[in-house]
Amino acid sequence: MRQIINNWLKNSHLSKLKFFSATVLRENCFLCAASRIKNHGLCEACLKDLPWLPANSCTKCSLSSGGQVCGSCLSTPPYFDATHAVFLYNYPIDALIQRYKYGDTVSLSHTFGQLMSEKICLVNSQENIDLMIPMPMHPTRLKQRGFNQALEIAKVTNQALNKNNKTKLDYKSVKRQTLTPPQASLPLKKRVKNIKGAFMVNADFSGKRIAIVDDVMTTGASLNELAKTLKQAGATHVECWVIARTLPH
Ligand SMILES: [Zn+2]
Ligand SMILES: [Zn+2]
């Protein structure tokens, strides 16, 4: 399967065609071109091979843990109350996310959003959530990239969940006010400093239960800072919904 996916990732023309047929015509798996697919564009075999998050992960931060909550969350509790990650940030999810962020495959948001909604249904989390807030992007970054990857995933997730649920998608009440260097380029301590005070809220979140949506959770510094800002604005519960969780090296 690795070979097939590598070819897919390398060959952008082919991938676009396959992806088009998978997401628009919904005929073939966009990783292996098999014809029997589920509604997120992947076949049963490819789905089974993906690096799903193990069941024994910490309920607060999704890192692998011996108990319910990991040592790090016990000693330094984060501002968020829970994390639901669909995958580990391993092959081929890492490659797909890189491609999604820095390539032109905005349509992967359909696959990711659909998979996220399935995970949220599975853990039965959406029923208690009032608002979904995608990780905000600074306007300058948005201009550079052309789209906010978290917002695109959140739109699909919200639509997929919203058959009988009242969760609202809110991408206007929180702004990223400082243009910071990309978190990926910094070590952990600098990431925390880098993101401090980066978000501005122009709404009253009193009593609200909020899910922050993002593509990848690495150190969790950005998610933690946003969770802190939301709680300062009155939120009573904040959880993180992410596609993939990186593991510490
Ligand atoms: Zn497949
Ligand atoms: Zn933890």
Table column - 3J(HN,Hα) (Hz), the range 197-207, Karplus curve with 6.51, -1.76, 1.60, x for Gly and Pro: x, 6, 10, 10, 9, 10, 7, 9, 9, 3, x
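What ranking do 239-248, 226-235 get when scored by the average of other Cβ atoms within 10 Å per residue, highest first?
Numbers: 239-248: 22.3, 226-235: 19.8.
Top to bottom by mean Cβ count within 10 Å: 239-248, 226-235.
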Calculated [θ] (222 nm, deg cm²/dmol) that DSSP helices of n ≥ 4 give over the chain, each run adding -39,500 (n - 2.57): -11000 deg cm²/dmol
Amide H contacts of Met132 (H built 1.01 Å from N, under 5 Å, at least 5 apart or other chain): Lys168, Leu169, Asp170, Ala211
Cα gyration tensor category, rounded, prolate or oblate, for the range 104-155 with a/c compared to 1.5: oblate
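Just list whichever of Lys101/Lys228; Lys172/Lys193; Lys166/Lys196; Lys48/Lys155 have alpha carbons separated by over 29 Å in the model shown.
Long pairs (Cα-Cα over 29 Å): Lys166/Lys196.
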3J(HN,Hα) from dihedral phi, the range 237-243, Karplus parametrisation 6.51/-1.76/1.60, rounded to Hz, x for glycine, proline: 8, 10, 10, 10, 10, 10, 6
Estimated FRET transfer efficiency (Lys175, Val123; beta-carbon r; R0 25 Å; 0.05): 0.30
Amide H within-cut-off set for Trp241, under 5 Å, with H built and near neighbours excluded: His84, Ile212, Val213, Asp214
Radius 9 Å from Cβ of Gly113, net charge of other residues (Lys, Arg +1; Asp, Glu -1): 0
In Hz, Karplus ³J(HN,Hα) per residue of the range 62-74 (6.51, -1.76, 1.60; θ = phi - 60°; x = Gly, Pro): 6, 6, 5, 8, x, x, 6, 10, 6, x, 5, 6, 6
With every protein chain in place, the chain: carbon and sulfur % of accessible area (1.4 Å): 53 percent
Cα gyration tensor shape of the range 208-249, rounded if a/c is under 1.5, else prolate or oblate by comparing a/b with b/c: prolate
Cα gyration tensor category, rounded, prolate or oblate, for the range 59-245 with a/c compared to 1.5: rounded
Positive-end residue, the chain charge dipole about Cα centroid, Cβ charges, pick of Asn224, His237, Leu142: Leu142
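The values are calculated or read from the model by the stated rules, or taken from the named source; none is laboratory data. Just so we're clear, the structure is a prediction, and the values are computed from it rather than from any experiment. Note that each Cβ is placed from the backbone with ideal geometry, even for glycine, and that neighbours are counted across all protein chains shown. Protein only, heavy atoms only, side chains kept; ligands, DNA and RNA dropped before computing areas. Shrake-Rupley method; radii C 1.70, N 1.55, O 1.52, S 1.80 Å.
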